[in-house]
Amino acid sequence: MNADPLAGLRDWHSPEAISWWPPAPGWWLLLVVVLILVWTIARWLVRQRRRSAVVRLARRELEALRSAFADHQDGRRYVAELSRLLRRLALVRYSRERVAGLSGRAWLEFLDATGGQGGFVQGAGRLLVEDAYRPVEQAPGHQHLDELGRLAARWVDANGGARA
């Protein structure tokens, strides 16, 4: 009975390979974080695309207004259409409560505060509120209307950013 006590033992063996499924809790957490990040980035990209589409459309409409003005030479009509375009873009870019009730000097001050840099209250932008009350024979010259068009284009460009 002096048998070798170690003879009955099995030889060295490796443990079973670790299964890749189910993943450890840390991997599940990482997956959730990555999905949230992807969703957030996708949502931001969609919003940016919509915002830039609005600005692109406004720029195209500005160009169409300039072209139409070159054809019809009606300064009052040009100013009225320009004013409508600026108001529509302002309603898209800013809250309705902030924009909808503005008129006269308050409207011009809003435009200056949101990208006009003083050109609406102190410059050619005054035509937006003054031209409606001006007799046809006192309509502004083309130089002022061109300046107003450039000012409107700068305002459109300045409002290509985030919604306020």
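A short reminder: the numbers here are calculations on the coordinates, not readings from a lab. This one's a predicted model, so the numbers in the text were calculated from it and none came from an experiment. In this analysis, Cβ positions are derived from the backbone assuming ideal geometry, glycine residues included, and neighbour counts consider all displayed protein chains.
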Highest mean first, what order results for 37-49, 75-87 on Cβ atoms within 10 Å? 75-87, 37-49
Farthest toward positive dipole pole in the chain [+1 Lys/Arg, -1 Asp/Glu at C-beta], among G75, L30, A153: G75
Can you work out ³J(HN,Hα) from phi for every residue in region 32-49, in order, using Karplus 6.51 cos²θ - 1.76 cosθ + 1.60 and θ = phi - 60°, giving whole Hz and x for Gly and Pro? 4, 5, 5, 4, 5, 5, 4, 4, 5, 5, 4, 5, 5, 5, 5, 4, 4, 5
Please give the calculated 222 nm ellipticity per residue for the chain, where each DSSP H segment of at least 4 residues contributes -39500 (n - 2.57) and the sum is spread over every residue; nearest 500 deg cm²/dmol? -20500 deg cm²/dmol
To the nearest 0.05, the calculated FRET efficiency linking R98 and S67 through their beta-carbon distance, R0 being 30 Å, is 0.45
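Find how much the distance from R88 to A3 grows on full extension, using 0.36 nm per residue of separation minus their present alpha carbon separation; answer in nm with one decimal. Please list the in-between numbers first.
On the way: separation 85, 0.36 × 85 = 30.60 nm, distance 9.93 nm.
Extending this stretch completely gives an extra 20.7 nm.
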H13-R150 pseudo-label distance in nm [points 7 Å out on the Cα-to-Cβ vector]: 8.8 nm
